[in-house]
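The values are calculated or read from the model by the stated rules, or taken from the named source; none is laboratory data. On a predicted model such as this, the values are computed, not experimentally measured, just so you know. So basically every Cβ, Gly included, is an ideal-geometry build from the backbone, and we count neighbours across all protein chains shown. These area figures cover heavy atoms from the full protein model, side chains too; ligands, DNA and RNA do not enter into them. Shrake-Rupley method; radii C 1.70, N 1.55, O 1.52, S 1.80 Å.
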Amino acid sequence: GGMAEVWQAEVSYSAEVRKVVALKMIRSDLVSVPQFVSLFIDEARIASLISHANVAQVFDTGQHDECPYFVMEYLEGVDCGRLVQDYGPLPGPVVAAIGRDAARGLAEAGREAVIHRDVKPANLVVTERGQVKVTDFGLAKAQLPATNTGKLTMQGATLGTPDYMSPEQAMGADLDPRTDIY
């Protein structure tokens, strides 16, 4: 991705208890840039606020050789961008089910005062069990006292993927969770 690499890993809690997880590490060329390190850490903090079946869960954070990382749910499945690329337009009932599950996860994010700001097919993963998970809170904004998400944007600035932005996001207006539903 833009700021990080994601690896499949196994966590061993004991000889009997092991779990496959995703390990997201900031790119090595960005470790020396304090703003990017702060944003990466904020991504983990913000995503960990949301506990919902339709949001990829963050379990832990840490640092290895001065390189921050976070441990999150490993998702067996495919993102919706890839689905459309491979199969073309999806049937209406499938799109409705994906939208319903994504909206449930985003509604929970909104209850936690989190705005994703980059909802797009590539950030919606359909698991092998057919469940949709919202992923990648790298551009998210939250009402947290000690985050740097405000330093990423200024009044009138825009972040996100233009093809999927709400009009108010494209204009750089103040946003609330409704922008993610758009």
Members of region 141-158 that are at pLDDT below 85, open to solvent by 30 Å² or more (accessible area, probe 1.4 Å) and under 25 Å from Val71 (Cα atoms): Gln143, Leu144, Pro145, Ala146, Asn148, Gly150, Lys151, Leu152
Restricting region 29-72 to residues that are part of a loop (DSSP other than H, G, I, E, B) and without any contact (Cβ under 8 Å) to a residue 40 or more places away in the chain, the residue that is nearest to Gly138 (Cα to Cα): Gln57
Single match in Leu90, Leu83, Leu75 (criterion: part of a loop (DSSP other than H, G, I, E, B), under 19 Å from Lys120 (Cα atoms) and touching a strand residue (DSSP E or B) at 6+ places or on another chain (Cβ under 8 Å)): Leu75
Residues within region 97-140 that are in a loop (DSSP other than H, G, I, E, B), crowded, with 23+ Cβ neighbours inside 10 Å and in contact with a Lys or Arg (Cβ under 8 Å, 6 or more places away or on another chain), tallied: 2
Test result for Leu49, surrounded by 17 or more Cβ atoms within 10 Å (Cβ to Cβ) and of a type outside the set (Val, Ile, Thr): yes
Check on Gly88, of a type outside the set (Lys, Arg) and open to solvent by less than 40 Å² (accessible area, probe 1.4 Å): yes
